[in-house]
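Asker: Here's a structure for you.
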Amino acid sequence: MTLEEKAKLLVGGANNFFGASAVVGGEADLVAGAAGTSPAIPRLGIPATVLTDGPAGVRINPTRPGTDQTFYATAFPIGTCLASTWNTDLVRQVGGAIGNETKEYRCDVILGPGMNLHRNPLCGRNFEYYSEDPLLTGWIAAAYINGVQAEGAGVSAKHFAVNSQETDRTSVDERVSQRAARELYLRGFEIAVRESNPWTIMASYNQINGQYSMGNHDLLTSILRDDWGYKGIVMTDWIGIRDGLPTISEVHAGNDLMEPGQPAQIDEIIKGVKEGKLSMEDVDRNVRRMLEYIVKTPSFQNYPASNKPDFKAHAAITRQSACEGIVLLKNNGTLPWKGGIKTVALFGENSYDFLSGGTGSGCVHPPYVVDMLEGLKNVGISSSTTLTDIYRKYIDYARVKFQAERHPAKWFQTEMMGQQKYPEIAIAPIAINKEVQNADAAIITIGRQAGEGIDRDIDTEFNLIPEERSLIINVCNAFHAEGKPVIVIINSGSVIETASWSGYPDAILCAWQPGMEGGNSIADLLTGKVNPSGKLTMTWPIAATDHPSTKNFPGNIDDYTFQMMVGNKMPIPGHTYTNHEEDIYVGYRYFDTFQKNVSYPFGFGLSYTTFAFSNLKIKALKNESVEVQVTVKNTGSVSGKEVAQVYLRAPKGQLEKPMQELKGFAKTRELKPGESQTLTINIPIRLLASFDEAGSRWLLEAGTYTFAVGNSSRDIALTAPLKLAEYTEATTNVLKPKTPLNLLHQ
Ligand code: BGC
């Protein structure tokens, strides 16, 4: 290869969304609406490869000029919903279906899974991510990746790393201790790398301790490749040339593909080599990795893309996985409905405009979305025609109004960027009273939309707005007066406030944004066709501000320089930093250690049956892993699945520890009443260790540890001690914070 060809191979093309003229490559329109491409070099038989968002399905343009053919893709459950299944086999199946649609639509890589941590419930992209826990994140991601890659398509695990906020996301400096970085923000990626070898990883936009991830040698080479042995390629998140970050330093750092690249970057690489500022070894190393990636792709292997995914088969997978990811938060015995409920009054605009996924690059354009109305109809439950009429008319009006009033700079609020959420309307008590007469029960859907580019607001997005609050209170009062039940369905990608209103309804089902079969999945659960088995993968706090990270989310306000942008206050890029003062105390690690009350704890989720845990056995297998065995028995009257969660409680030692940390989990098969299953969970010793900054190493101190098994972090059924010998694992000593962080300590 000539130097010019090598340089070209490292600089990717973008899609038409970003304006193909400004970027490299004539391949931009290979698949309309795909996010980008790697460059073709026809002389050498190197084809372009196509990169598409991600992660909840293939995001390409659903229609193309000059043809009646459509290119819709299955909308699978969002990341949070998938993780809430705690079922790695099922997530692997979803990955397989997504991998299949990726290659059937002539793409090579799906830009997912999204693996950032739910550091704070207000992050706009939490819906794409899995959990506040890094191990759960890593295992769910590995299952997804193994599923996609078994189909012969690739993934891009993103956003590497510490990209936990959208505000000023392209340049915020995430200042974090080495310990919190290793134990929390990087651990999930490490597990995914070791367990599933992703073809590609996407470097995040933000800085970590003063250095952009994209040009961060510590991150992309020392940690990713030297410590973890990663063999695939790294690509940038979608930014092109960055102020203050030369492309040659990105190449040197171990970033193999600039996305979307610009011609000037090719020139810079060539010039860098000629002037001795960039070594030929660095270029050759990245080129080799690119070639190793390309030969694996469907494009290189001339896969005959059909443009016709098997929607029927994939609809069944999305329906089933949503059923397992939906979490029953409250049930006073009203659910499941056993035939007595024939007519339901459906309240809330999202009952009729059900949100299948979030907005931004993480949206998918599905062929249809089953809303609550249709889902209930499919199981023979009818609903109020008056309410249907009111809400349908309102939605038509709200859609037009919303787009007419949208500021042009709010690109994420266009319909091409996903379904939008319209403000809830008030329904007069007199109208509610009329519905009580005609219906056997009421359902209120509370919807929330969020996505790329903007974080969530506490008052209008975490909390309920006044119209929603009065709807819940008025409907509950009216229906309860007649002895009729009310169910609230939460149709949101992330956590909302529940403490102030959860006393009113009879049952609450957190449906997340469960993909295009959402209404069918919910109907399966309401009618007891499927027994809920989803468990929360993040704590639901009483108030958003209960999380210690709120103090520094989305950044250090005192240090902001504000400008007015599209009506919102936005920080001027580059002026923000986020001190991770809460350090390792993210999510339940904080709430459980500091004994704070929560609305729903990490790992929580109800079932229509009951389970008992017994026979906990723990043993160390050499000094390599710990084997946990526990028997789960269905002690209730209907079939169901249960998740056994294993938490580790450390003895007092040299390193400060959270009160407990999730170290393993397993889900039972469907157990009939009275049936038992013994689960065996193997936990590598290295995952029990904490990060010791002083020694730049993973350290498991010798001592007697307690293994606690239960079905939420606050509902532990059994504990058992185990004596463990010291375990250490040296790492590179990198990613040090440059300023003191004023860390929260126990
Ligand atoms: C997002 C990525 C996405 C990429 C391509 C970026 O703005 O952060 O998650 O994959 O765009 O659409």
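Asker: Just the number, please: percent antiparallel of the DSSP beta bridges in region 21-179, rounded to the nearest 5.
Answerer: If we restrict to bridges inside region 21-179, about 55 percent are antiparallel.
Asker: With a bin width of 10 angstrom, please list the P(r) values of region 618-668 as percents of all Cα-Cα pairs, from the 0 bin to the one holding the largest distance.
Answerer: Going from the shortest bin to the longest, the percentages are 19, 38, 30, 11, 2.
Asker: What are the residues whose amide H is under 5 Å from the amide H of Val155, where those residues sit 5 or more places off or on another chain and H is modelled from the backbone?
Answerer: Ile110, Trp199, Thr200
Asker: If you roll a 1.4 Å probe over the heavy atoms of the protein chains, what accessible area per residue do you get for region 381-513, in Å²? Mind dumping the intermediate values first?
Answerer: Numbers: 5280 Å² over 133 residues.
Normalised by residue count, the accessible surface of region 381-513 is 40 Å².
Asker: A further question follows. Counting only residues 5 or more places away or on other chains, whose amide H sits under 5 Å from the amide H of Val11 once H atoms are built in the peptide plane?
Answerer: For Val11, the qualifying residues are Met258.
Asker: Quick check on packing: order 274-286, 507-519, 313-325 by the mean number of other C-beta atoms within 10 Å, highest mean leading.
Answerer: Result, highest mean Cβ count within 10 Å first: 507-519, 313-325, 274-286.
Asker: Give me the percent of DSSP beta bridges within region 170-296 that run antiparallel, rounded to the nearest 5.
Answerer: Numbers: 3 of 10 bridges.
If I count the DSSP bridges inside region 170-296, around 30 percent turn out antiparallel.
Asker: Taking the solvent-accessible surface of protein heavy atoms with a 1.4 Å probe, what is the per residue accessible area of region 219-291 in Å²? Working shown, then result.
Answerer: Values: 2700 Å² over 73 residues.
On a per-residue basis, region 219-291 sits at 37 Å².
Asker: Given labels modelled 7 Å from the Cα in the Cβ direction, how far is it in nm from Glu415 to Asp389?
Answerer: 2.5 nm
Asker: Something else about it: If eta is 0.890 mPa s and T is 25 °C, what Stokes-Einstein diffusion coefficient results for region 166-248, Kirkwood Rh from Cα pairs, in µm²/s? Each step should come with its number before you reach the end.
Answerer: Numbers: Rh = 13.4 Å.
Once the numbers are plugged in, D ends up at 184 µm²/s.
Asker: Could you work out Rg/(2.2 N^0.38 Å) for region 279-371, with Rg from alpha carbons only? Numbers along the way, then the final one.
Answerer: On the way: Rg = 23.0 Å, N = 93, 2.2 N^0.38 = 12.3 Å.
That ratio works out to 1.87.
Asker: I would also like to ask the following. Carbon and sulfur: what percent of region 396-499's accessible surface (1.4 Å probe)?
Answerer: 56 percent
Asker: Can you work out the base-10 log of I(q)/I(0) for region 313-469 at q = 0.16, 0.17, 0.19 1/Å, using the Debye formula on its C-alpha atoms alone?
Answerer: -1.10, -1.23, -1.47
Asker: For Lys342, put the label point 7 Å out on the Cα→Cβ axis and report which residues of region 428-458 keep their amide N under 12 Å from it.
Answerer: 439-440
Asker: What does the extension gain come out to for Lys736 and Glu281, with contour length at 0.36 nm per residue minus their alpha carbon separation?
Answerer: Length gained between Lys736 and Glu281: 161.1 nm.
Asker: Quick one: 3J(HN,Hα) in Hz for region 381-391, Karplus 6.51/-1.76/1.60 with θ = phi - 60°, rounded, Gly and Pro as x.
Answerer: 9, 9, 9, 4, 6, 5, 5, 4, 5, 4, 5
Asker: I'd like to compare 63-75, 259-271: which one has the highest average count of other Cβ atoms within 10 Å, and what's the full order after that?
Answerer: Sorting 63-75, 259-271 by mean packing, highest first, produces 259-271, 63-75.
Asker: Using θ = phi - 60° and the Karplus curve 6.51 cos²θ - 1.76 cosθ + 1.60, what whole-Hz ³J(HN,Hα) does each residue of region 113-119 get, with Gly and Pro shown as x?
Answerer: Once θ is set to phi - 60°, the couplings for region 113-119 become x, x, 10, 6, 7, 6, 5 Hz.
Asker: For the chain, what mean projected area does the convex hull of the alpha carbons give, in nm²?
Answerer: 30.8 nm²
Asker: Still on this structure, I have one more. If I model a spin label as a point 7 Å beyond the Cα along the Cα-Cβ vector, how far apart are those points for Tyr397 and His480 in nm?
Answerer: 3.1 nm
Asker: Just to check I understand the Karplus step: with θ = phi - 60° and J = 6.51 cos²θ - 1.76 cosθ + 1.60, what whole-Hz values come out for region 627-638, glycine and proline as x?
Answerer: 9, 10, 10, 8, 9, 10, 10, 7, 9, x, 10, 10
Asker: Continuing with the same structure: When ligands, DNA and RNA are left out and all protein chains stay put, how many square angstrom of accessible area per residue does region 572-676 have with a 1.4 Å probe?
Answerer: 40 Å²
Asker: Sticking with this one: Please report, as a whole percent, how much of the solvent-accessible surface of region 302-355 comes from carbon and sulfur atoms (probe radius 1.4 Å).
Answerer: The C+S portion of the solvent-accessible surface of region 302-355 is 54 percent.
Asker: Next question, about the same structure. Rounded, prolate or oblate: pick one for region 678-727, where a ≥ b ≥ c are the square roots of the eigenvalues of its C-alpha gyration tensor, a/c under 1.5 means rounded, and failing that, prolate if a/b is larger than b/c, else oblate.
Answerer: Prolate.
Asker: Looking at the chain, send over the antiparallel percent of its DSSP beta bridges, to the nearest 5.
Answerer: Details: 68 of 104 bridges.
If we restrict to bridges inside the chain, about 65 percent are antiparallel.
Asker: Could you list, in their original order, any pairs among Lys338/Lys393; Lys103/Lys277; Lys103/Lys274; Lys619/Lys652 whose Cα atoms are separated by more than 30 Å?
Answerer: From Lys338/Lys393; Lys103/Lys277; Lys103/Lys274; Lys619/Lys652, over 30 Å: Lys338/Lys393; Lys103/Lys277; Lys103/Lys274.
Asker: Continuing with the same structure: Counting only helical runs of four or more DSSP H residues, what would the 222 nm mean residue ellipticity of the chain come to if each run contributes -39,500 (n - 2.57) and the total is spread over all its residues?
Answerer: Per the formula, -7000 deg cm²/dmol.
Asker: Rounded to the nearest 0.05, what FRET efficiency do Lys271 and Ile425 give with R0 = 60 Å and r taken as the Cβ-Cβ distance? Could you check?
Answerer: Once rounded, the FRET efficiency stands at 0.50.
Asker: What is the set of long-range amide H partners of Ala442 at a cut-off below 5 Å, with H atoms built 1.01 Å from backbone N?
Answerer: Here the answer is Ala345, Val486, Ile487, since their amide H atoms fall under 5 Å of that of Ala442.
Asker: Still on this structure: Just subtract the alpha-carbon distance of Asn332 and Lys652 from 0.36 nm times their residue separation and send over the number in nm, one decimal.
Answerer: 111.1 nm
Asker: Then there is this: Where the accessible area of region 162-274 is counted over protein heavy atoms with a 1.4 Å probe, how much of it, in %, is carbon and sulfur? Could the numbers behind the result be given before it?
Answerer: Numbers: 1280 of 2730 Å².
With neighbouring chains kept in place, the figure for region 162-274 is 47 percent.
Asker: Can you tell me how region 231-299 classifies by the Cα gyration tensor, rounded, prolate or oblate, using a/c under 1.5 as the rounded cut?
Answerer: oblate
Asker: Going by the alpha-carbon gyration tensor, a ≥ b ≥ c the square roots of its eigenvalues, is region 426-540 rounded (a/c under 1.5) or, if a/c is not under 1.5, prolate (a/b greater than b/c) versus oblate?
Answerer: It comes out oblate by the Cα gyration axes.
Asker: Quick one: if the Förster radius is 41 Å, what FRET efficiency do Phe594 and Arg406 give, using the C-beta to C-beta distance and rounding to 0.05?
Answerer: After rounding to 0.05, the efficiency reads 0.45.
The values are calculated or read from the model by the stated rules, or taken from the named source; none is laboratory data. Just so we're clear, the structure is a prediction, and the values are computed from it rather than from any experiment. Heads up, the Cβs are rebuilt from the backbone with ideal geometry, glycines too, and the neighbour counts pull from every protein chain shown. Note: areas computed on protein heavy atoms with side chains; ligands, DNA, RNA excluded. Shrake-Rupley method; radii C 1.70, N 1.55, O 1.52, S 1.80 Å.
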